[in-house]
Amino acid sequence: MRGIIRHKDVKTTAMESLYATYYPRLFGYSFTLLNDEDEAADVVSDAFEKVWSKWCADESFNPSSAYLFSIVRNRSLELLRHDEVRRRYAAAVAAMPELAYHEGNDELERELEMLIEEVNKLEEPDRSILHCHYFRKMTYQETAEALHLSAAVVKRHMLKIFKDLRAALKKEK
């Protein structure tokens with residue numbers, strides 16, 4: 001029993017050291033992406049919680065700074081995508097005030113909700129590509145450089161994304 005307790009103490013101390021070393025940098029990184037202190041703090045806390053869970057489940061796991069930064073980047077980008085989808089949806093509805101009070105609004109509402117759901121279902125790299133190109137208004141080349149892909153790959157993914165979204169919209173009708 002003493003060996004287990006001592007081992008947990010070593011792991012706890014290592015985790016505290018990891019937290020003290022990387023929290024400020026991870027927080028700064030997330031804040032740079034999100035521009036929101038509370039969300040950045042939540043993202044970093046979630047990252048350390050994920051590391052702790054993985055470390056407890058796998059004794060040989062050795063968290064690296066790259067792993068921590070990847071978790072924080074992915075979660076921050078996920079939050080940005082989600083917020084951007086909500087903002088675009090609100091802007092689309094606000095831009096069509098005449099539809100807000102007419103009876104045909106239910107169909108448009110269902111279509112927009114379905115599109116939001118489909119965008120949220122996208123997996124990587126499709127989500128990042130769509131976010132960079134469509135929401136951040138980056139060219140295929142800029143998107144490719146930001147995601148370390150070729151412009152041809154970005155174009156192929158965009159064609160596939162829009163084809164899938166159109167098919168989902170037709171299926172809904």
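The values are calculated or read from the model by the stated rules, or taken from the named source; none is laboratory data. Remember, it's a predicted structure, so these values are computed and weren't measured experimentally. Heads up, the Cβs are rebuilt from the backbone with ideal geometry, glycines too, and the neighbour counts pull from every protein chain shown. We work out accessible area using only protein heavy atoms, side chains counted, and drop any ligands, DNA or RNA first. Shrake-Rupley method; radii C 1.70, N 1.55, O 1.52, S 1.80 Å.
Data table
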item	result
Hits in the range 99-136 (condition: at pLDDT 80 or above and of a type in the set (Lys, Arg))	LYS121, ARG127
Only listed residue being open to solvent by less than 70 Å² (accessible area, probe 1.4 Å) and either touching a residue at least 60 places away in the same chain (Cβ under 8 Å) or not in a helix (DSSP H, G or I) (or both), chosen from MET114, MET138	MET138
Output for the range 23-59, where each listed residue is assigned to a helix (DSSP H, G or I) and acidic (Asp, Glu)	GLU37, ASP38, GLU39, ASP42, ASP46, GLU49
Where a residue in the range 48-75 is at pLDDT below 85 and its partner, wherever it lies, is open to solvent by 60 Å² or more (accessible area, probe 1.4 Å), with Cβ under 6 Å and at least six apart	PHE61/LYS54
Subset of the range 33-91 that is open to solvent by 70 Å² or more (accessible area, probe 1.4 Å) and of a type in the set (Lys, Arg) - its residue that is farthest from LEU112 (Cα to Cα)	LYS54
